[in-house]
Amino acid sequence: MKKILLITWIVIASVVTRSYGECGQISMIGEFSNWSEDYFMAVDPVIPDAFYVLITFTMAQDVNSDGFIELKFRQDASWEINWGSQDFPEGTGVQDGPNILAPYGSYYVTFNCSSGHYNFSAVSGDISLIGEFNDYMGDLFMIRDSVNHNYFTLPVTFTVDDDPNLNGFVDIKFRENGDWTNNWGGTEFPQGFGILNGPVLPVPYGSYIVSFNRVSQAYNFEISIGIEKTNRMEEEISVYPNPASKGLYFRLDNPSKGNTCKISLLDLAGHVILDEMQALREGERIIYLDVSHCKPGFYSYRITANGYTATGKLILMPTLPGTI
């Protein structure tokens with residue numbers, strides 16, 4: 001059941017949601033959708049006329065079988081305002097311009113609706129785990145980093161129930177786009193470099209934060225210990241929802257005695273993304289943190305109160321209708 005839930009929120013995290021900027025909704029449309037459905041882009045939280053999205057083009061989407069996917073940008077899913085150009089991977093779209101021709105591949109696409117400037121930056125396909133834990137049927141997709149689009153992470157737990165051989169290890173592999181064309185095994189643990197078409201990687205039972213770099217094929221299994229406490233922090237901390245999209249609630253299992261509480265949100269590189277001080281009333285148990293302006297990805301949090309500190313890990317997803 002835990003794996004099903006994990007797969008569910010991974011899928012949710014990869015869904016492209018409709019984001020509104022200064023120009024309304026910006027989307028891409030083309031051969032990849034038979035020109036019948038818009039692929040909406042996300043608005044940059046800092047620059048309201050800048051949009052971005054990750055997308056993959058394949059041979060199966062190429063109606064003309066000419067090696068390219070024809071596409072355009074448009075506003076509010078309407079042809080009234082649309083942009084095209086003959087330039088690739090970078091250019092400036094013009095109203096009713098020619099179709100953009102994109103070769104097969106995966107791209108991080110940016111578009112500015114004020115200037116019409118666009119860029120297609122080649123990135124790796126989606127990376128997943130597959131192995132004994134799912135009988136090599138169905139992929140457990142990893143989370144693409146919001147800054148380094150070739151870097152992926154995923155929290156996983158392997159138990160004796162995932163080990164059909166009962167030898168104390170769960171055999172796994174990494175692969176790209178849910179396909180065996182590009183797959184990597186390994187001989188070193190907990191870290192090493194993936195070997196293309198190499199042997200399965202045996203992983204001992206446990207909970208890990210798994211990372212994989214598609215460019216270098218470097219992988220790492222960091223032991224996940226959940227919430228860490230230093231200096232005997234008096235309050236036990238729980239966080240929900242996790243994953244989250246708009247906001248996080250921190251619950252103190254023991255009522256606060258008052259004073260203030262500092263909450264910090266850090267990215268994978270350890271950079272502080274949010275740093276907020278909140279006043280605590282005596283007996284207060286719940287603290288709320290607005291994360292709606294943070295990019296989806298993997299983060300850690302740090303809570304400090306009365307000289308004590310607690311830390312933990314969390315995941316932020318794209319904002320979906322009806323989420324909290």
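The values are calculated or read from the model by the stated rules, or taken from the named source; none is laboratory data. The model shown is predicted, which means the values in this text are computed figures rather than measured ones. Quick reminder, even Gly has a Cβ in these numbers, built from the backbone with ideal geometry, and neighbours come from all protein chains shown.
Looking at segment 182-202, can you tell me whether even one residue there is at pLDDT below 90 and crowded, with 16+ Cβ neighbours inside 10 Å?
no
Yes or no, residue by residue, for (1) in contact with a strand residue (DSSP E or B) (Cβ under 7 Å, 6 or more places away or on another chain); (2) assigned to a strand (DSSP E or B); (3) among the acidic types (Asp, Glu):
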site	(1), (2), (3)
ASP161	no, no, yes
LEU166	no, no, no
VAL170	yes, yes, no
ARG175	yes, yes, no
TRP184	yes, yes, no
GLU188	no, no, yes
GLY198	yes, no, no
PRO202	yes, yes, no
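Do you know which residues across segment 105-118 are more than 19 Å from the chain's Cα centre (by Cα) and crowded, with 17+ Cβ neighbours inside 10 Å?
PHE111, ASN112, CYS113, GLY116, TYR118
On the given criteria, is PHE88 of a type in the set (A, V, I, L, M, F, W, C), assigned by TED's automatic domain parsing to the domain that holds SER27 and buried (at least 16 other Cβ atoms within 10 Å of the Cβ)? I'd like the intermediate steps shown before the answer.
On the way: of a type in the set (A, V, I, L, M, F, W, C): yes; assigned by TED's automatic domain parsing to the domain that holds SER27: yes; buried (at least 16 other Cβ atoms within 10 Å of the Cβ): no.
Considered against the rule, which asks whether it is of a type in the set (A, V, I, L, M, F, W, C), assigned by TED's automatic domain parsing to the domain that holds SER27 and buried (at least 16 other Cβ atoms within 10 Å of the Cβ), PHE88 comes out as no.
Report, by residue number, each residue of segment 205-215 that is at pLDDT 90 or above and not aromatic (Phe, Trp, Tyr).
First pass over segment 205-215, keeping only residues at pLDDT 90 or above: 210-215.
Hits for segment 205-215 are VAL210, SER211, ASN213, ARG214, VAL215.
What residue, of LEU140, LEU154, is under 17 Å from the mean Cα position of the chain (by Cα), of a type in the set (A, V, I, L, M, F, W, C), buried (at least 17 other Cβ atoms within 10 Å of the Cβ) and under 25 Å from ALA60 (Cβ atoms)?
Working: LEU154 fails: under 25 Å from ALA60 (Cβ atoms).
None of the other options fit; the residue is LEU140.
Which of (1) modelled with pLDDT of 70 or more; (2) surrounded by fewer than 17 Cβ atoms within 10 Å (Cβ to Cβ); (3) part of a loop (DSSP other than H, G, I, E, B); (4) not β-branched (Val, Ile, Thr) is the odd one out, the single condition ASN220 does not satisfy?
So ASN220 meets the others, but not (3).
In segment 157-169, which residue that is of a type in the set (A, V, I, L, M, F, W, C) and surrounded by fewer than 20 Cβ atoms within 10 Å (Cβ to Cβ) is nearest to ASN197 (Cα to Cα)?
Once the filter is applied, the top-ranked residue is PHE169.
Give the residue that is farthest from ASN150 (Cα to Cα), with candidates limited to residues of segment 172-214 that are touching a Gly at 6+ places or on another chain (Cβ under 9 Å) and of a type in the set (Lys, Arg).
LYS173
Under 9 Å between Cβ atoms, at least 6 apart or on separate chains: pull out the pairs that start in segment 96-115 with a residue that is at positive phi and in contact (Cβ under 8 Å) with a residue 12 or more places away in the chain and end on any residue that is in a loop (DSSP other than H, G, I, E, B) and of a type in the set (Ser, Thr, Tyr).
GLY105/THR58
Could you identify the single residue in ALA102, ALA122 that is aliphatic (A, V, I, L, M), buried (at least 17 other Cβ atoms within 10 Å of the Cβ) and touching a Phe, Trp or Tyr at 6+ places or on another chain (Cβ under 7 Å)?
ALA102
What is the number of the single condition among (1) surrounded by 15 or more Cβ atoms within 10 Å (Cβ to Cβ); (2) modelled with pLDDT under 80; (3) assigned to a loop (DSSP other than H, G, I, E, B) that CYS294 does not meet?
Here CYS294 clears every test but (2).
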